[in-house]
Amino acid sequence: MDPRIEHLEHLTRRTFVGQAARGIGGLALGTMLLPDLLAKAGAGAGSRVGGLPGVPHFAPKAKRVVCLFQSGGLSHIDLFEDKPELRRLAGQDLPPSAKGTQRLTGMTSGQSRYPLQPSIAGGKLCGRQGAWISDLLPHIQTIADDICVIRSMNTEAINHDPAITYMNTGNQLPGYASIGAWASYGLGTENANLPAFIAMVSQGTGKNPGQPVFSRLWGSGFLPSSHQGVGLRPGANPVLYLNNPPTVDAAQRRALLDDLALLNDERARELGDPDTVARIKAYEMAFRMQTSVPELTNISGESPATLAAYGPEVTKPGSYAANCLLARRLLERNVRFVQLFHRGWDQHVSLGRQLPNQCRDIDQPTAALVKDLKARGLLEDTLVVFATEFGRTSFTQGGFGSPGAGRDHHGRCFSIWLAGGGIKAGHLHGATDDFGYNIAKDPVHLRDFHATLLHCLGIDHERLTYRFRGLNARLTGVEPAKVVKGVLA
């Protein structure tokens, strides 16, 4: 169709009435775009772009977040829980009084027996509070006084996709906004040359391939699409289609974007389409990233001591170690939310072989990141989250003593840890029963975890909302959620 005729097709009575009703919205559009236009020259650190008026709601302890997400279901029994009763009763069945009527996955629901399996490795009490940490994590043992281990996390989800979706979006169903998108929506960014929310994925050497990690886990859901996370890929092209085509230089690209912005601006004013505004922002961000991303990923200026601290794989693009170093570089550039997904924790089989390999992937780089942030003065106002979607059962999947045995999913209780901005260092929160199967003290639901994360950023989780399907939607949903004050400094 001729573009002029197509344009006239839109000029219906409904469009006319809509334009009249959106008069004030059209004026507001310029205000929405203004921060980005001003940022073309590059806003400096501390110059906030975007975000909501009045947010943060109170003085934050953390300005930025890095989430180290261990995808697949990390075994709390093997890594963060020492249970003498499991050693004493090893090979005997989990008592019915502990198992109760819990729904099991199809992988173990048909087992005739549920033999108890203690931790596959030794461990020791670490730090001032005597947190038990497995010897499979010797480097994380050294940061025990910097972290707060929550041993009473719980979730209703028992399968991977709903569980990982729940942890990352506050809902087991796809289509909801991710944590990083909420942070971007509420707080904006303090570096206009990089996205407010960046995600990276690595594959571990435990279960390979691990459970899939979908881009919707860092998506914006119903929030404006400008708040979705940007995935950084390993290799020469960290962001696809960022480079100019052959024969097009930076000046030509800039002129093209200026003209395109004028056309899109006119279209947005005409139809009031928020996606058009998001598209303008995306084009502008991509232009600035042509310079900022190559500078970010060039680690040649890092000292040999820093590279050595992150371990031998730090120079291997796409490795967990390399992503941890990039995370630190992003955080010191004031990127609001950085999320690392590391696949391979789904040890249904060969626990004794897979789990040590997976721990070697993450142990040294994780501890190095915390120490690096602390040495640079960034840990104080950076919230570090080391999380997973659920734990593993204290009974075996498969025959007890078999080299092929593993552990099934377990949502009733599992462990995560936090460090940095606003978190009580060297602290243990919550407890489980003698079998590491049920919570015995201070339960922390995923909604409580989300409320606490937002609190550290200075956000009241009940006040950060977005109108969706007739409700004031929020990260913590409609069910009760509370800030876990016991983990706050």
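Summary table below
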quantity: Listed residues P274, G206, G122: farthest to the positive end of the dipole of the chain (Cβ charges); calculated: G122
quantity: DSSP-defined beta bridges in the chain - what % are antiparallel, rounded to 5; calculated: 50
quantity: Three principal axis lengths of the chain [C-alpha, angstrom, descending]; calculated: 79, 53, 44
quantity: Neighbour-limited loop hits for trypsin sites (Lys or Arg not before Pro), the range 69-110 (at most 12 other Cβ within 10 Å; DSSP other than H, G, I, E, B); calculated: R103
quantity: All lysines inside 25 Å of K83 as judged from Cα atoms, apart from same-chain residues fewer than 8 positions distant; calculated: K99, K124, K424, K441
quantity: Relative contact order (percent, whole number), the range 379-428, Cα cutoff 8 Å, 6+ residue spacing; calculated: 50
quantity: Sequence-distant lysines (8 or more away, or on other chains) whose Cα lies within less than 17 Å of K281; calculated: K40
quantity: Contour minus Cα-Cα distance for S47 and F214 (0.36 nm per residue); calculated: 56.9 nm
quantity: Test item: Cα-centred dipole of the chain, Lys/Arg +1 and Asp/Glu -1 on Cβ, debye; calculated: 440
quantity: Neighbour-count order for I299, I140, I120, fewest beta carbons within 10 angstrom listed first; calculated: I299, I120, I140
quantity: Span from the the range 50-101 Cα centroid across to the the range 163-181 one, whole angstrom; calculated: 17
quantity: Dipole-positive endmost among Q364, P443, G470 within the range 353-489 (Cβ charges, Cα centre); calculated: G470
quantity: Eligible lysines near K316 by straight Cα distance, threshold 20 Å, same-chain separation 8 or greater; calculated: K207
quantity: Lys, Arg +1 and Asp, Glu -1 on Cβ, resulting dipole of the range 344-448 about Cα centre, debye, nearest 20; calculated: 140
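Coordinate-derived values only; no laboratory data. This is a predicted model, so every value here is computed, not measured. Virtual Cβ from ideal backbone geometry, glycine too; neighbours counted across all protein chains shown.
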